[in-house]
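Engineer: Before I ask anything, let me first share the structure, which is written out below as structure tokens.
The values are calculated or read from the model by the stated rules, or taken from the named source; none is laboratory data. What you see is a predicted model, and the numbers here were worked out from it, not measured in a lab. Reconstructed Cβ throughout: ideal geometry from the backbone, glycine too, with neighbour counts over all protein chains shown. Side chains are part of the model used for accessible areas, which takes the heavy atoms of the whole protein and leaves out ligands, DNA and RNA. Shrake-Rupley method; radii C 1.70, N 1.55, O 1.52, S 1.80 Å.
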Amino acid sequence: MMNVLTSDITRSSLAIPVQTPALRGSIWMYEDKEFKHNNCIVYQKIARQLKEKRIFREYRIDNLSQKISTVLSGAGFDARVYGRPKHIYSIHKKMCRQCLPFDGIQDLNGLRIVLERVEDCYLVLHQIHKLWSPVPGNFDDYIAAPKKSGYQSLHTTVQSSLNTKLEIQIRTVDMHYEAEYGKASHWRYKLRFA
């Protein structure tokens with residue numbers, strides 16, 4: 001009886017959206033652990049398709065972040081650049097929500113660039129596309145045409161120098177604040193799918 005109850009509790013805990021960026025940053029390990037416990041076969045299948053442990057993917061993201069920071073600094077931009085590899089449970093949710101195969105996930109590795117001015121977002125986009133080739137059909141301008149929630153950002157996917165597809169989001173500080181804490185925040189978006 002206890003196993004059934006424990007399983008129900010862990011399954012339902014995966015449906016609770018994490019509402020603060022600080023908690024989201026530390027919760028991925030918990031989500032992956034619970035997902036592995038609840039659905040080991042699917043977890044292992046996704047892990048095999050990733051081909052690398054998370055620590056190596058984090059190292060790659062750090063290197064790419066540093067490279068972009070150096071390029072942008074050299075071009076005169078004051079930008080905050082950071083990133084993350086998507087975790088296994090998040091990959092699974094996206095595959096289910098959008099009916100995508102694993103190969104259809106374009107944001108396994110993601111970087112975010114935060115700037116002061118809207119004009120700089122477009123100039124930085126040009127710098128990124130000079131640095132790496134954009135993946136055709138993977139660009140969205142949510143600055144010129146915001147989402148219904150008010151979300152604004154430029155999204156592009158590039159083929160990085162490490163032969164990795166990399167989704168890059170470029171936005172201003174104000175857009176970033178709205179995306180993290182305002183009505184366009186990611187946790188509110190995720191709440192719709194919980």
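Engineer: Before we move on, is LEU72 closer than 28 Å to ARG54 by Cβ, of a type in the set (A, V, I, L, M) and in contact (Cβ under 8 Å) with a residue 60 or more places away in the chain? So that I can check it myself, show each step before the final result.
Structural biologist: Details: closer than 28 Å to ARG54 by Cβ: yes; of a type in the set (A, V, I, L, M): yes; in contact (Cβ under 8 Å) with a residue 60 or more places away in the chain: no.
When the stated conditions are applied, LEU72 does not pass them.
Engineer: Mind listing whichever residues of the range 78-105 are modelled with pLDDT of 95 or more and among the aliphatic types (A, V, I, L, M)?
Structural biologist: Once the filter is applied, which keeps residues that are modelled with pLDDT of 95 or more and among the aliphatic types (A, V, I, L, M), the range 78-105 yields ALA79, VAL81.
Engineer: A follow-up question, please. Just give me the residues in the range 121-130 being open to solvent by less than 50 Å² (accessible area, probe 1.4 Å) and closer than 23 Å to ASN163 by Cβ, in sequence order. Steps first, answer last, please.
Structural biologist: Pass one, the range 121-130, residues open to solvent by less than 50 Å² (accessible area, probe 1.4 Å): 121, 124-125, 127-128.
Within the range 121-130, VAL124, LEU125, GLN127, ILE128 qualify.
Engineer: Here's another thing I want to ask about it. Report yes if some residue within the range 80-93 is in a helix (DSSP H, G or I), open to solvent by 70 Å² or more (accessible area, probe 1.4 Å) and either closer than 11 Å to ILE170 by Cα or not aliphatic (A, V, I, L, M) (or both); otherwise report no.
Structural biologist: Our first condition is that a residue be in a helix (DSSP H, G or I); within the range 80-93, this holds for 88-93.
Next, from what is left, pick out any that are open to solvent by 70 Å² or more (accessible area, probe 1.4 Å): none.
No; the residues of the range 80-93 include none that is in a helix (DSSP H, G or I), open to solvent by 70 Å² or more (accessible area, probe 1.4 Å) and either closer than 11 Å to ILE170 by Cα or not aliphatic (A, V, I, L, M) (or both).
Engineer: Right, PHE102: touching a residue at least 12 places away in the same chain (Cβ under 8 Å), of a type in the set (Phe, Trp, Tyr), within 30 Å of ASN38 (Cβ to Cβ) and open to solvent by less than 60 Å² (accessible area, probe 1.4 Å) or not? Quick ask: steps written out before the conclusion?
Structural biologist: On the way: touching a residue at least 12 places away in the same chain (Cβ under 8 Å): yes; of a type in the set (Phe, Trp, Tyr): yes; within 30 Å of ASN38 (Cβ to Cβ): yes; open to solvent by less than 60 Å² (accessible area, probe 1.4 Å): yes.
Taking the combined requirement at face value, the residue satisfies it.
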